[in-house]
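Report on the following structure.
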Amino acid sequence: TQLLEQSPQFLSIQEGENLTVYCNSSSVFSSLQWYRQEPGEGPVLLVTVVTGGEVKKLKRLTFQFGDARKDSSLHITAAQPGDTGLYLCAGAKETSGSRLTFGEGTQLTVNP
Amino acid sequence: NAGVTQTPKFRILKIGQSMTLQCTQDMNHNYMYWYRQDPGMGLKLIYYSVGAGITDKGEVPNGYNVSRSTTEDFPLRLELAAPSQTSVYFCASSYSTFSGAGANVLTFGAGSRLTVL
């Protein structure tokens, strides 16, 4: 059973479009991270959200942590080809120590 | 600053062969991890370590072994390679497990692609 469900699994859009990626769980997390991974490389951290209802912006990317700290979303405005990559959410729990739980990822392709 | 360095980047093994994936970090992180990544399956934790001399199993430890004799190095050993171990392996490290914005932030290596035939 996947603890963190990401949707959609694949997304192919045209440059300039907006999109939202979701990360959902029935469990409560103390914090949630979003990573982006490009082909042939390891994931790189984009943001960490720690407070229920928190919204963080990173240029054209907006991250939100659900009020109950069970879900998160990533919204990209006016997507560009450089946004292409695998987006992974990862949750931390107080009871899991240093271990993160990763979602399955959303593969985003932005076509010029 | 090299971060997390993994070797080799690519390797092909025959069934039953053994090999070690090397991982070293220069950030003085206490925590280190090995993940495997299969298409559409996200990252699965194999083993992790909270400090030199301490290791523990993750979600998918069968067929693997690790050691942590120094803070910097965390090698992953495959004793009898099987086709099910064909995957991309990522080593990662982190400096904190406390809650908050800095909690459990992982720095990953570039990955090692292993094929078992």
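Derivation of every value follows stated rules applied to the coordinates shown; laboratory data play no part. Everything numeric here is computed off the predicted structure, so don't read it as measured data. With ideal geometry, Cβ positions are generated from the backbone for all residues, glycine too; neighbour counts draw on all protein chains shown.
Quick notes on this one:
- Cross-link table A:93/B:14; A:70/B:44; A:59/B:57; A:59/B:44; A:59/A:93, entries beyond 32 Å C-alpha to C-alpha: A:93/B:14; A:59/B:57
- When +1 charges are put on Lys and Arg Cβ atoms and -1 charges on Asp and Glu Cβ atoms, the dipole computed for the protein assembly as shown relative to its Cα centre reaches about 280 debye.
- At 1.567 mPa s and 4 °C, Stokes diffusion of segment B:30-117 via Kirkwood alpha-carbon radius, µm² per second: 96
- q = 0.07, 0.08, 0.09 Å⁻¹: log10 I(q)/I(0) that the Debye formula gives for the protein assembly as shown, counting C-alpha atoms only: -0.22, -0.29, -0.37
- A convex hull fitted around the alpha carbon atoms of chain A yields 95 Å³ per residue.
- Around the Cα centre of segment A:1-111, unit charges on the Cβ atoms of Lys, Arg, Asp and Glu (plus for the first two, minus for the last two) sum to a dipole of about 300 debye.
- Compactness check for segment B:1-47: Cα Rg over 2.2 N^0.38 Å is 1.37.
- Top of A:64, A:14, A:37 by mean-square fluctuation, Gaussian network on chain A, Cα under 10 Å: A:14
- Per-residue Cβ neighbour rank within 10 angstrom, fewest leading, A:108, A:32, A:11, A:58: A:58, A:11, A:108, A:32
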